[in-house]
Amino acid sequence: MGRGCNVNHFFSKHYPYVYLSCQMLYDTKDLDVLLKAANSLSRKIRNLRDKHWAVEHNRQSSLFQALRGDSSKIAAHEAELQRICDDIHALQCGTVLQQMELPVAFVTFKSRVGANLAAQSQQHPHPFLWITEEAPEPRDVLWQNLSIPSRQLLLCKIAFFVATALLTLFFTVPVAAVQGIAKFEKLKKWFPPAMAVQLIPGLRSIVTGYLPSVILNGFIYIIPFAMLGMAHVAGYKSRSEMEIKVCNMVFYFLVGNVFFLSLLSGSLLDELGESFTHPKDFPNRLARAVAAQADFFTTYILTDGLLGFSLEALQAGLLVCDVIWSFTCGLGKKKSPYLFSVPYYRVIPFVSLCILIGMVYAVVAPLLLPFLVGYLYLGYAVYMNQIEDVYDIVYETCGQYWPCIHQYICFAVILMQITMIGLFGLKSKPEASIATLPLLILTIFFNEYCKLRFLPSFQHYSIQSAEEDDELDAREGRLKSNSDNAVIAYRPPCLRPVNFIEAESSSCDRQLEI
């Protein structure tokens, strides 16, 4: 008996009134290879016909004369495409698929209430025997990762975290170098030729003020894409889950490497040693380090705002990639339009870091706040345009980034309050430091209360809301159609019907009609 029969029997027995159907998943490596080959051949045939039609149109000759030179090549491609399509249809047969079944399935229910009860319940006394969870949106599913075994999945995630830790460790080198450039007195000791900068009026201000921020922004620009590439190895089931994890990793990477490391880079080992041996002095040392780096972080926010938002509006990276592709792999090929979703995993951490810097410096250097307000207004104008006119909606986020943003802001508030305690200590005002402690404790309690009160609403779909939506769909007669659409939407891409031969024939007919 196949796994599909077991799944069907289990849910039919325990959810007899709400269970509709199940869609098993399969190890479709051979099918994927054949589908890629069929798509490649289909593109070749389409390109040949487009090119011959263009030749016929330009030379004012008959279509027969234009196609006569390469008609044998097109016929050979069509024969090969027909053979591959036959192989695909043979592998899509039920008896063959049953041998490739995986212990993973999409189970469809007749109502939202039934689906949520099944997703939020433990199905068996052995919790690992039947694991159920709410399925991501069909457009959000990473189909290739669903075939990864659970034991291998754990190893993949460990490898991802190890790789992220190594990247964080290696990134300390460029950050320390950037801070060395920013501190000109130490730079002259390490690199005596740098004294030549003083000979040119105004150059020292550019080298020690603006240049470090530009170099730092250039280095950290590639970090989100590097972490996203490493996250593909971790085997996440959906794009949203993967990008939210990358968003968290990038934010804490920026806090550790850009904020704290920039504060401590002058004497990193000494500062860390003192912080561990005398933890009571940490607020004072933090306040002293924060005050010393006010100019650097002001320049950083200005650089990130002017340079980062300008690159975002121009889409310089995509333009460069498109030019390279046009003159290499895509030479002579017809361009296809491309649309991408908003890169939340890149945008949210950088904006949150600037908010953190502004909140910490609100007490130490209040003059930084107008630059932060200008940064936020400029970012709002740029991203409103990008969301409305540039980016496409690849999948619905359903507000899943709001808990992350709340966590980042609470972390920034706590860090600001610790800095206030240290600053009052430096000003020899112990009463003010003691008076700030209850504020810090209340902030931590408020954060924990928000986790208990609001976070479950982001993680689970309440039964009451599901029942209300089911009643609304039942009154409008959409309940059955929604279930049928869900069955179709969660069908694996390799099992969807394909017919490249008819598509190519219809394309040729359209060209002949023209």
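The values are calculated or read from the model by the stated rules, or taken from the named source; none is laboratory data. Everything numeric here is computed off the predicted structure, so don't read it as measured data. Counting neighbours? That spans all protein chains shown, and the Cβs are built from the backbone with ideal geometry, glycine included. All accessible areas refer to the heavy atoms of the entire protein, side chains included, with ligands and DNA or RNA removed. Shrake-Rupley method; radii C 1.70, N 1.55, O 1.52, S 1.80 Å.
Out of segment 408-431, which residues are free of Cβ contacts under 8 Å to residues at least 40 places away in the same chain and more than 13 Å from L356 (Cα to Cα)?
Of everything in segment 408-431, those that are free of Cβ contacts under 8 Å to residues at least 40 places away in the same chain and more than 13 Å from L356 (Cα to Cα) turn out to be F424, K427, S428, K429, P430, E431.
Restricting to segment 463-492, and then to whatever is touching a residue at least 12 places away in the same chain (Cβ under 8 Å) and of a type in the set (S, T, Y), can you tell me which residue is farthest from F424 (Cα to Cα)?
Looking at the filtered set, the residue picked out is S483.
Got at least one residue in segment 464-482 being under 30 Å from L35 (Cβ atoms) and open to solvent by less than 80 Å² (accessible area, probe 1.4 Å)? So that I can check it myself, show each step before the final result.
Restricting attention to segment 464-482, the residues satisfying the condition of being under 30 Å from L35 (Cβ atoms) are 481-482.
Keeping just the survivors that are open to solvent by less than 80 Å² (accessible area, probe 1.4 Å) gives 481-482.
Yes.
Which of the helices (runs of 4 or more DSSP H) contained wholly in segment 369-481 include at least 1 residues that are of a type in the set (A, V, I, L, M) and under 30 Å from V18 (Cα atoms)? Don't jump to the end; show me each part of the working.
Numbers: elements: 402-426, 430-453, 455-459, 463-476.
Correct list: 455-459, 463-476.
Take F445 and tell me if it is touching a residue at least 12 places away in the same chain (Cβ under 8 Å), farther than 30 Å from S481 by Cα and of a type in the set (A, V, I, L, M, F, W, C). Talk me through it step by step, then tell me what you get.
On the way: touching a residue at least 12 places away in the same chain (Cβ under 8 Å): no; farther than 30 Å from S481 by Cα: yes; of a type in the set (A, V, I, L, M, F, W, C): yes.
Spelling it out, it is not the case that F445 is touching a residue at least 12 places away in the same chain (Cβ under 8 Å), farther than 30 Å from S481 by Cα and of a type in the set (A, V, I, L, M, F, W, C).
Taking the conditions exactly as written (modelled with pLDDT under 60 and either touching a Phe, Trp or Tyr at 6+ places or on another chain (Cβ under 8 Å) or closer than 30 Å to Q459 by Cβ (or both)), does R239 satisfy them or not? So that I can check it myself, show each step before the final result.
Details: modelled with pLDDT under 60: no; either touching a Phe, Trp or Tyr at 6+ places or on another chain (Cβ under 8 Å) or closer than 30 Å to Q459 by Cβ (or both): yes.
The answer is no for R239.
Which residues, taken from segment 101-126, are open to solvent by 40 Å² or more (accessible area, probe 1.4 Å) and within 16 Å of R491 (Cα to Cα)?
Of everything in segment 101-126, those that are open to solvent by 40 Å² or more (accessible area, probe 1.4 Å) and within 16 Å of R491 (Cα to Cα) turn out to be P103, V104, V107.
For segment 131-155, which residues satisfy the criterion of being outside any loop (DSSP other than H, G, I, E, B) and acidic (D, E)? Give the derivation first.
Here is the first cut: in segment 131-155, the ones outside any loop (DSSP other than H, G, I, E, B) are 138-141, 143-145, 150-155.
Once the filter is applied, which keeps residues that are outside any loop (DSSP other than H, G, I, E, B) and acidic (D, E), segment 131-155 yields only D140.
Within segment 397-410, work out how many residues are surrounded by 14 or more Cβ atoms within 10 Å (Cβ to Cβ) and among the aromatic types (F, W, Y). It would help to see each step written out before you state the result.
First, the residues of segment 397-410 that are surrounded by 14 or more Cβ atoms within 10 Å (Cβ to Cβ): 397, 400-401, 403-410.
If we keep only those that are among the aromatic types (F, W, Y) too, we end up with 401, 408.
Going through segment 397-410 one residue at a time, the tally reaches 2.
What is the residue count in segment 360-373 for residues that are open to solvent by less than 40 Å² (accessible area, probe 1.4 Å) and within 11 Å of G305 (Cα to Cα)?
Taking segment 360-373 first, the residues open to solvent by less than 40 Å² (accessible area, probe 1.4 Å) are 360-362, 364-365, 368, 372.
If we keep only those that are within 11 Å of G305 (Cα to Cα) as well, we get 372.
Number of matching residues: 1.
Give the number of residues within segment 411-423 that are under 20 Å from Y345 (Cβ atoms) and open to solvent by less than 40 Å² (accessible area, probe 1.4 Å). So that I can check it myself, show each step before the final result.
Of segment 411-423, the ones under 20 Å from Y345 (Cβ atoms) are 411-412.
Among the residues that remain, those that are also open to solvent by less than 40 Å² (accessible area, probe 1.4 Å) are: 412.
Total meeting the criteria: 1.
Quick one: is A163 in a helix (DSSP H, G or I), of a type in the set (G, A, S), crowded, with 16+ Cβ neighbours inside 10 Å and in contact with an Asp or Glu (Cβ under 8 Å, 6 or more places away or on another chain)? Explain how you work it out, then say what you get.
Numbers: in a helix (DSSP H, G or I): yes; of a type in the set (G, A, S): yes; crowded, with 16+ Cβ neighbours inside 10 Å: yes; in contact with an Asp or Glu (Cβ under 8 Å, 6 or more places away or on another chain): no.
Answer is no for this residue.
Got at least one residue in segment 311-321 being of a type outside the set (A, V, I, L, M, F, W, C) and at pLDDT 75 or above? Spell out how you get there, then give the answer.
Taking segment 311-321 and keeping what is of a type outside the set (A, V, I, L, M, F, W, C), we get 312, 315, 317.
Within this subset, residues satisfying the condition of being at pLDDT 75 or above are 312, 315.
Among the residues of segment 311-321, at least one is of a type outside the set (A, V, I, L, M, F, W, C) and at pLDDT 75 or above, which makes the answer yes.
Select, from L41, L63, the only residue that is more than 30 Å from D484 (Cβ to Cβ), of a type in the set (A, V, I, L, M), modelled with pLDDT of 80 or more and in contact with an Asp or Glu (Cβ under 8 Å, 6 or more places away or on another chain). So that I can check it myself, show each step before the final result.
Values: L63 fails: modelled with pLDDT of 80 or more.
Matching residue, one of L41, L63: L41.
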